Amino acid sequence: MKHTITKIALVFLAVVSAVAAASAQTADKRSITLDGARSVIAAAKSYAAKNNAPGGVIAVVDDGGNLVALERLDGTFTAGANISIGKARTAAMFKKPTKFFEDVIKNGRTSMVALPDFTPLQGGVPIVVDGQMVGAVGVSGAASAAQDEELAIAGAAALGDPKSAAVSFYDSKSVADAFDRGSVLFDGAGGENYMVHASRREKAGQSEVHTLDTDVIYVLDGTATFVTGGKSVDPKMVAANEFRGTMIDGGETRQLKKGDVIIVPRGTPHWFKQVDGVFKYYVVKVR
C-alpha cells in the first residue's frame with residue numbers, strides 16, 4: 001500500500017510539473033469580442049454626433065487583424081469600408097497608430113508603401129486594455145484625416161483603460177542620438193494627444209502653421225532668430241492640417257537661446273528665420 005501511494009504521489013507530481021512547464025511556455029491573451037467591437041463603434045458614433053462630424057465608416061478588428069464589426073454611416077463614400085478596414089488592420093498588425101506610418105512616409109521613407117496589406121493613412125488606432133492590445137479601430141470618411149483619428153481614438157477609449165498607458169523611458173544615449181539626427185522621440189502611440197520631438201536645425205527653415213497642434217519649445221543648445229504671428233507667405237498644405245510657406249510677413253521676432261521656453265498656439269504662424277550653428281530643441285506637440 002505504501003509503495004502504491006508513493007507511486008501515485010510521483011505520478012501526480014509529474015503531471016503537475018508537466019502542466020507547469022506547459023503554462024510557462026504559453027500566455028493568456030485577451031481579444032476583443034463582438035460586444036466589445038459594438039461598444040467601440042457606438043462610442044465613435046456618439047463622438048461624431050456630439051462634434052457634428054460627417055458620415056464615415058468605422059471598422060473594428062481583433063489583435064490578428066481579422067474584422068469583427070463594421071458600420072457605415074449614412075452618406076459615406078463607397079471606398080470608405082475597405083479603407084477603414086485597412087487602417088484598423090495596419091494599426092493592429094504593427095501595434096501603432098497609422099498616423100505614425102503616414103508621417104514616416106511623408107518624411108522620405110517611401111519604400112514602406114510596398115509592404116503588403118498596409119494602409120498608412122491616419123485614422124487607425126490600437127485598442128489597449130490593461131496594457132494589452134486586444135484589437136484596433138479604423139475610421140474613414142470623416143471631414144479630415146485628423147477627424148478620422150479623433151473618432152478612432154474616441155472609439156478605442158470605450159474599452160481602453162487610461163491608467164494602462166505604459167511609461168516611456170529614453171536613456172541619455174538614445175536622446176543624444178535623436179538630437180544628432182533630429183527625430184521623433186515619442187510618436188503619440190496608443191492614441192495619446194501629444195508627441196515629443198528631439199529637433200535639430202543648422203539653417204533657417206520655412207514658415208509653419210499647425211492647425212491642430214500647439215508647440216511647446218524648450219531650447220537645449222544654440223541660438224536662433226524666431227518669428228511668430230504675422231502672415232505666412234505663399235503657404236501650401238504639405239499634410240493634413242500642416243502648412244508651409246516661404247517666410248513670415250510681419251510678426252514678432254525673438255532671439256532664442258539655451259534654456260528658453262516658448263509656446264506657439266495652434267494656428268499661429270512661426271518661422272526659424274536664422275539659425276546660428278547647431279540649434280537643438282525639444283518640441284512637445286499637444287493636440
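Please treat every number below as a calculation from the coordinates, not as lab data. If you're wondering where the values come from, they're calculated on a predicted model, not measured in any experiment. So basically every Cβ, Gly included, is an ideal-geometry build from the backbone, and we count neighbours across all protein chains shown.
Could you count how many Lys pairs in the range 34-164 have their Cα atoms under 21 Å apart, skipping same-chain pairs fewer than 8 positions apart?
10
With +1 on each Lys and Arg Cβ and -1 on each Asp and Glu Cβ, how big is the dipole of the range 34-164 about its Cα centre, in debye rounded to the nearest 20?
On the way: 12 positive and 13 negative charges, 41 e Å.
My answer is approximately 200 debye.
If we sort 82-91, 169-178 on the protection proxy, mean other Cβ atoms within 10 Å, highest first, what's the order? Kindly include the intermediate steps, with their values, before the conclusion.
On the way: 82-91: 25.6, 169-178: 11.3.
Result, highest mean Cβ count within 10 Å first: 82-91, 169-178.
Tell me, what is the FRET efficiency for GLN274 and TYR218 to the nearest 0.05, using R0 = 25 angstrom and their Cβ-Cβ distance as r?
Calculated value: 0.80.
Give the aspartates and glutamates whose C-alpha is closer than 14 Å to that of LYS236, dropping any in the same chain fewer than 8 places away, or say none.
The qualifying aspartates and glutamates are GLU208.
Let me spell out the model: positive unit charges on the Cβ of Lys and Arg, negative unit charges on the Cβ of Asp and Glu, origin at the Cα centre of the range 172-286. What dipole size does that give, in debye rounded to 20? Can you show the working numbers first?
Numbers: 15 positive and 15 negative charges, 40 e Å.
Here the range 172-286 has a charge dipole of around 200 debye.
What is the sum of charges, Lys and Arg at +1 and Asp and Glu at -1, for the other residues whose Cβ falls under 10 Å from the Cβ of GLY123? Let's see the in-between values first.
Working: positive: LYS87, LYS99; negative: GLU102, ASP148, GLU149, GLU150.
That works out to -2.
Rounded, prolate or oblate, given the Cα gyration tensor of the range 172-286, with a/c below 1.5 counting as rounded?
On the way: a/c = 1.80, a/b = 1.16, b/c = 1.55.
Cα axes put the range 172-286 in the oblate bin.
Which entry is the computed Cα extents along the principal axes in Å for this structure: (1) 98, 51, 35; (2) 63, 44, 39; (3) 57, 43, 36?
Correct label is (1).
Using Cα springs under 10 Å in a Gaussian network model of the chain, which residue among ASP62, ASP221, ASP187 shows the largest mean-square fluctuation?
For the chain, modelled as a Gaussian network with Cα springs under 10 Å, the answer is ASP221.
Which residue, SER183, SER31, SER207, tops the fluctuation ranking in a GNM of the chain built on C-alpha contacts under 10 Å?
SER183
SER207's amide H: which non-local residues (gap 5+, or another chain) put their own amide H closer than 5 Å, with H modeled 1.01 Å from N in plane and none for Pro or chain starts?
For SER207, whose amide H was placed from the backbone, the distant partners under 5 Å are GLY245, THR246, MET247.
Per residue of the chain, what 222 nm ellipticity follows from adding -39500 (n - 2.57) for every DSSP H run with n ≥ 4, rounded to the nearest 500?
-10000 deg cm²/dmol
Distance in nm between label sites at THR33 and THR246, each 7 Å beyond Cα in the beta-carbon direction?
6.2 nm
List the trypsin sites (Lys or Arg not before Pro) within the range 210-259 that DSSP assigns to loop and that have no more than 14 neighbouring Cβ atoms inside 10 Å.
Answer by residue number: LYS257, LYS258.
Which ordering of LYS95, LYS50, LYS285 is given by a fewest-first count of other beta-carbon atoms within 10 Å?
LYS50, LYS95, LYS285
Specify the residue with the greatest mean-square fluctuation among GLY222, GLY250, GLY188, computed from a Gaussian network of the chain linking alpha-carbon atoms under 10 Å apart.
The residue that fluctuates most here is GLY250.
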